[in-house]
Amino acid sequence: MHFSLRKLSVLLCLLGGCLFQSKAEAKSPNIVLVITDDQGYGPVGRHGHSWIRTPHLDKLHDTSTRFTRFLVSPTCAPTRSALMTGRHPMKNGVTHTILERERMTLKATILPQVLKQAGYTSGIFGKWHLGDEEPHQPHMRGFDEAFIHGAGGIGQAYKCSCADAPGNKYFDPVIRHNGSFVKTKGFCTDLFFTAALGWIKQKKDGDAPFFAYITTNAPHGPFIAPPKNTKRFTDLGFADKQAGF
């Protein structure tokens, strides 16, 4: 990635050597779109950071297509709406991350709806943050599979705004799966990728190409991470909260 990132890191990964398919192959490429939340351009190993290690992001960097001309907004929901529509966030009615200003207009046609017309099946795993009311939910807007948390962050709630499941935490969160709430076990990032990979395995040999939208809540605050991931940073002298990021 070589573009400026203040809030989100965006990667597009075309799986299975799809870029090298012969013209004789009729099947469209499978698409995996990965977004990390509130992550700047700097704290990625492949961008030259001297001590932060991001081996999985580095591998994605080396094997994916990077959006070098995509410009993010100062906050995440407007950026997400632009990514889903290809339009300026203001045209999507998304001006903030709270107080219903994160709700994307129902008049907008979004990426999974367009891909469905091309024969794709689509799944979202992680953070949606473009409206929590039922008509705005991803399973109502073209996604065939939805495994998401609510609001703008796990456990987040504001007055006059929709909220995530009460008391939700980064570990063992309650997740909305295709419209129903389920209790999970594990760290949120691992859960989203596990769900996505399970879905991909189901779809990879099917007739329809797939679009997997994997959008983690981390490293969005409050900077909680498994101890096995934070130990290296606490050993370097960072406070627990800093180590979680």
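Values quoted throughout were computed directly from the atomic coordinates according to the rules given, and no laboratory measurement underlies them. Since we're looking at a predicted model, the values are computed, not measured. Neighbour counts are summed over all protein chains in view; Cβ atoms, including those assigned to glycine, are modelled from backbone coordinates with ideal geometry.
Here are the numbers for the structure shown:
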| read-out | value |
| --- | --- |
| Under 10 Å, Cβ to Cβ, from Trp199 - net charge with Lys/Arg +1 and Asp/Glu -1 | +1 |
| Antiparallel content of DSSP bridges confined to the chain, in %, to 5 | 50 |
| Under the span-like rule (Cα at least 18 Å along the axis, Kyte-Doolittle mean at least 0.0), DSSP H helices of the chain | 188-203 |
| Cβ-based exposure ranking for Glu134, Glu100, in which fewest neighbours within 10 Å come first | Glu134, Glu100 |
| Inverse mean reciprocal Cα-Cα distance (Kirkwood Rh) of segment 103-245, Å | 16.3 |
| Mean Cα-pair separation over length for the chain, i.e. relative contact order, pairs under 8 Å, 6 or more apart, % | 18 |
| Highest-MSF residue in the chain out of Leu191, Leu106, Leu83 [GNM, Cα springs under 10 Å] | Leu106 |
| At R0 = 30 Å, FRET efficiency that the Cβ-Cβ distance of Leu71 and Thr234 yields, to 0.05 | 0.25 |
| GNM top mover of Ile200, Ile175, Ile154 - the chain, alpha-carbon springs below 10 Å | Ile200 |
